[in-house]
Structures are given as C-alpha cells and as structure tokens.
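Everything on this sheet refers to the single structure shown next.
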Amino acid sequence: MGLYAAAAGVLAGVESRQGSIKGLVYSSNFQNVKQLYALVCETQRYSAVLDAVIASAGLLRAEKKLRPHLAKVLVYELLLGKGFRGGGGRWKALLGRHQARLKAELARLKVHRGVSRNEDLLEVGSRPGPASQLPRFVRVNTLKTCSDDVVDYFKRQGFSYQGRASSLDDLRALKGKHFLLDSLMPELLVFPAQTDLHEHPLYRAGHLILQDRASCLPAMLLDPPPGSHVIDACAAPGNKTSHLAALLKNQGKIFAFDLDAKRLASMATLLARAGVSCCELAEEDFLAVSPSDPRYREVHYILLDPSCSGSGMPSRQLEEPGAGTPSPVRLHALAGFQQRALCHALTFPSLQRLVYSTCSLCQEENEDVVRDALQQNPGAFRLAPALPAWPHRGLSTFPGAEHCLRASPETTLSGGFFVAVIERVEVPSSASQAKASAPERTPSPAPKRKKRQQRAAAGACTPPCT
C-alpha cells in the first residue's frame, strides 16, 4: 500500500472512531510510520479547508472513482504539502488535470476570508501554537557516523553551522538554513522549526534520528557503560532503545519488551536501519517478566517509559482534542499501571540505576508515582540529582522532587516530559564490581565551525554519504 492510500485509510478510521491516528498508523503496516503520521495529522488539521476547496472545485464530481478521504490527502499534498516532489505516480497525473482549478479555489477562499497565509485559514483551535514552532531536533546516530561528519555534510548542502548553543534564545533565533549543536545534549543538532528531514538521505540511511530534545533525556541520564545489560521495559517505538544502543556502542545487551506486535515489528525495522545489533526484542508484558530469571541477573540498568496520557505531546492535540486534560478516571488507571511497573522494576536484584519517564504533564503520573514507589521501598532507593543545568525541575510535592526534571515548550523548547533518575542506595554484593551509578554526562566538544581539512588518517569517522 502506498503512502497516500495508507493515509486515506487512517483518516477514514479516525472519522469512523475505529481508533486514534497513532494507533491506526502503527496498525497500517506502512513502513515509514513517521512520514505517514505527519501526513495524516496535517491533512486532518486542514480538513475543513480541504473540504471547502474540493467541493468548490468539483473534484469528486469530475473524478467519480476518487474516494473522499484519498482526495483530501492528495489535495493537501498538492496545495499545502510537498507538491508530489519526486513521486506521486498516477495520483500526480490525476491531480495535475485539476491543479489550476484547485489552486484558484484556494486563492479565492483566502480572498473571501481576508487572509494571505494558508495557516490563517485554520480555525482558532487548529492554528499552530507555540508547540508547532519548536525547533527540529536531530540526534546523530553514533553507531553509524559522528557529529563532525554530519555537520560537514550539512555544510556541503549549504547549511550554516553556528556552533554550540549557549542559551535557549539561540535556539529560538534559528532561521533559514542555520543549525546548532544543543547546549546540553551530546550529538543533538538543532534546526529551525518546521525543517523537514524525513526524506533526507542521512535520515533514510539511519545516520540521523529525528527525536525531541526531552525524549533524549532518559537514555542519556541512564548512561549505561558499554558491556552493560539493560532492560527497556516499554520499548516501542524504539528511539530511546536506539539511543541506548549508541551509548553501549552495541556492546552488551538490551532486553526490550512491548506488548504490541505491530509496534514491535516497526521497531525492529527502525533498529535495523539504525545499525543496532545488541537488542533482544520480546513481545511480552514487562509486569510478567520474572526478576529472578537468570537471563536478567546482570541487569544493572532499567529504562521505564510506560504508557501514559501523552498530555505533553504537542501532536496529540491534532488527533485528540482535549488530550491535554485526561479524565480523572483515566489518570487513576494510568497511574496505577505506572506505579506497578515502577515497583516491579525496582525488584530486579542487580538493579543499580533506573530512569522513569513519561510524556505527560500530570503530577499523578509523574511525581506521585515516583514518591509512592520510593515509599514502598524505604531506604533501598533514592532520587539522584540529574542534570543541574536543566531549567525546569520537578514539582515540590515531596522532599527531593527537585531532582526530577520536567520539560515543556515554554521552558525547554521541547515537548512536555518528565524524568526521574532512581539509584539503589546500597549496591548489591553480586554487582559490587559494576559501576554503581553513571556519572553526569558533560557536553562533548562542539564540532568546529571552521572548515576542517579532509581527514585521511585511517580510523577517522567515515563520511555519512549515501
């Protein structure tokens, strides 16, 4: 199934209430789920505009075999998307016969409403807010390349590298073809908002991972050294897993669990593209995994990013209006599951360090879950101070909560997020020779802005060309 047909199917499913965009995208079996998800979200956001243009242009009357949802996707791509650049096949030819009329109707609609920009046609609730103006964050996949070579590649494409950011204001000021290295995150490049890299050759080759700034925190703060055994408890879709593998340098073992077979299949594709070879995927409920299983006796690190309300995800507002305010009943159910998962993770006998994270803004899923888990394990674990330079800390709901991290579009230029780093107070004797806790990561030297001479020495990072 092609991209446009897949997007039309997801739209039809959403409108008939068969599921959310994200759920239907993952069940579609389309390989590039991020590309499909972005197309569906944007088409739905402009749905009313597209309906008006299609109706006034008489497209469905002229093309009687064209289904409404597919027509909407195609017209979005023609008028508001990429314009079928480099593809489109028969759909490009079909829409080409109506292109002049469709463009004229869009222009007429703008005149009628007294606006000049496409996004000004949106209803107030659908217009881009601060979240849509977030920078594009791109993690360099060190399993395949290095930051220096990626920077050089973009410079050869006409981008201007500005060095390491010194503040959030540097990120806010990004425009055009300028880009930076993040001030706190190693190997995280920052481009202006709305920069689309889904078709970039480095992304398609697995050299780049499109990952939000806050989403890079969990693996970075867990910081397992090469050779470690790690559990990724609720692993799909896999960006954090690939980040863990990069930190491990593919040395050691990642046990990755998820209950959704289709999400795991998509995750396997993502990990293969990223060059991950140290991960063992399992279609299994983490709560059913036995801590006494000999396979996990050397697990010293656990990343737990459980299902949550997603109230911090900017994209959720596009697919589920009101997603930022989950109901009390749903919050109670989610928090109960999250607490069970966290308490279960803390029973692994060799565990030294755990990172708990959510993409939720709700205290019930964040500080409350961490507080209750620590109270159920008195004296055994503690909250570890994490990334002191991070500006947004946990809510002061219990002593030590300031060690937790929060993120939001307003304070950190990222999606909404929560992270807590939990360490065992006394390292078990069986793991006494292992590293008790990962040291605070300090930013690596930024790639120099000055044009470097071509490296010829053997062993230098190979250019990430396709």
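The values are calculated or read from the model by the stated rules, or taken from the named source; none is laboratory data. Please read all numbers here as calculations on a predicted model, not as lab measurements. Here the Cβ is made from the backbone with ideal geometry for all residues, glycine too, and neighbour counts use every protein chain on show. Only protein heavy atoms, including side chains, enter the accessible area calculation; ligands, DNA and RNA are left aside. Shrake-Rupley method; radii C 1.70, N 1.55, O 1.52, S 1.80 Å.
When Thr241 is tested against the conditions (1) assigned by the TED database to the domain that holds Thr347; (2) part of a loop (DSSP other than H, G, I, E, B); (3) closer than 21 Å to Ala268 by Cα; (4) open to solvent by less than 10 Å² (accessible area, probe 1.4 Å), the lone failure is (2).
The conditions of being open to solvent by less than 50 Å² (accessible area, probe 1.4 Å), of a type in the set (A, V, I, L, M, F, W, C), over 15 Å from Gly9 (Cα atoms) and modelled with pLDDT under 90 are met by Leu95.
Comparison of Arg340, Arg393 shows that the only residue that is touching a Cys at 6+ places or on another chain (Cβ under 9 Å), charged (D, E, K, R) and assigned by the TED database to the domain that holds His229 is Arg393. Applying a threshold of 8 Å to beta carbon distances and a minimum spacing of six or more residues, or different chains, the list of pairs starting in region 89-103 at a residue that is assigned by the TED database to the domain that holds Val75 and ending at one that is open to solvent by 50 Å² or more (accessible area, probe 1.4 Å) reads His98/Ala62. Just need a number here: residues in region 219-238 that are touching a strand residue (DSSP E or B) at 6+ places or on another chain (Cβ under 7 Å), crowded, with 23+ Cβ neighbours inside 10 Å and in a helix (DSSP H, G or I). Residues meeting the conditions: 2.
Go through the residues of region 360-372 one by one and say whether even a single one is among the basic types (Lys, Arg) and more than 19 Å from Leu287 (Cβ to Cβ).
Quick first cut of region 360-372, residues among the basic types (Lys, Arg) only: 371.
Now narrow it down to the ones that are more than 19 Å from Leu287 (Cβ to Cβ): 371.
Yes, some residue in region 360-372 is among the basic types (Lys, Arg) and more than 19 Å from Leu287 (Cβ to Cβ).
Of all residues in region 7-46, which are in a loop (DSSP other than H, G, I, E, B) and within 16 Å of the chain's Cα centre (by Cα)? Across region 7-46, the qualifying residue is only Asn32. Residues in region 197-218 that are in contact with a strand residue (DSSP E or B) (Cβ under 8 Å, 6 or more places away or on another chain) and open to solvent by 30 Å² or more (accessible area, probe 1.4 Å): 1 in all.
In region 112-125, is there at least one residue being in contact with a Ser or Thr (Cβ under 8 Å, 6 or more places away or on another chain), open to solvent by less than 60 Å² (accessible area, probe 1.4 Å) and either at pLDDT 95 or above or assigned to a helix (DSSP H, G or I) (or both)?
So far as region 112-125 goes, no, none of its residues is in contact with a Ser or Thr (Cβ under 8 Å, 6 or more places away or on another chain), open to solvent by less than 60 Å² (accessible area, probe 1.4 Å) and either at pLDDT 95 or above or assigned to a helix (DSSP H, G or I) (or both).
Identify, by number, the condition in (1) in contact with a helix residue (DSSP H, G or I) (Cβ under 7 Å, 6 or more places away or on another chain); (2) more than 25 Å from Cys404 (Cα to Cα); (3) outside any loop (DSSP other than H, G, I, E, B) that Gly206 doesn't meet. The single condition Gly206 does not satisfy is (3).
Taking each residue of region 58-82 that is on the phi > 0 side of the Ramachandran plot and looking for partners that are part of a helix (DSSP H, G or I) with beta-carbon atoms closer than 9 Å, six or more apart or interchain, yields Gly58/Arg101.
Sort out which residues of region 285-299 are more than 13 Å from Ala341 (Cβ to Cβ) and not hydrophobic (A, V, I, L, M, F, W, C), and write them in order of number. Answer for region 285-299, where residues must be more than 13 Å from Ala341 (Cβ to Cβ) and not hydrophobic (A, V, I, L, M, F, W, C): Ser290, Ser292, Asp293, Pro294, Arg295, Tyr296, Arg297, Glu298.
Mind counting the residues in region 12-53 that are of a type outside the set (Val, Ile, Thr), farther than 21 Å from Glu119 by Cα and either buried (at least 16 other Cβ atoms within 10 Å of the Cβ) or out of contact with any strand residue (DSSP E or B) (no Cβ under 8 Å at 6 or more places or on another chain) (or both)? Quick ask: steps written out before the conclusion?
Of the residues in region 12-53, the ones of a type outside the set (Val, Ile, Thr) are 12-13, 15-20, 22-24, 26-32, 34-39, 41-42, 44-48, 50-52.
Imposing the further condition that a residue be farther than 21 Å from Glu119 by Cα reduces the set to 12-13, 15-20, 22-24, 26-32, 34.
Applying the additional criterion that residues be either buried (at least 16 other Cβ atoms within 10 Å of the Cβ) or out of contact with any strand residue (DSSP E or B) (no Cβ under 8 Å at 6 or more places or on another chain) (or both) yields 12-13, 15-20, 22-24, 26-32.
Qualifying residue count for the region: 18.
Would you say Ala173 is of a type in the set (Gly, Ala, Ser) and without any contact (Cβ under 8 Å) to a residue 12 or more places away in the chain? Considered against the rule, which asks whether it is of a type in the set (Gly, Ala, Ser) and without any contact (Cβ under 8 Å) to a residue 12 or more places away in the chain, Ala173 comes out as yes.
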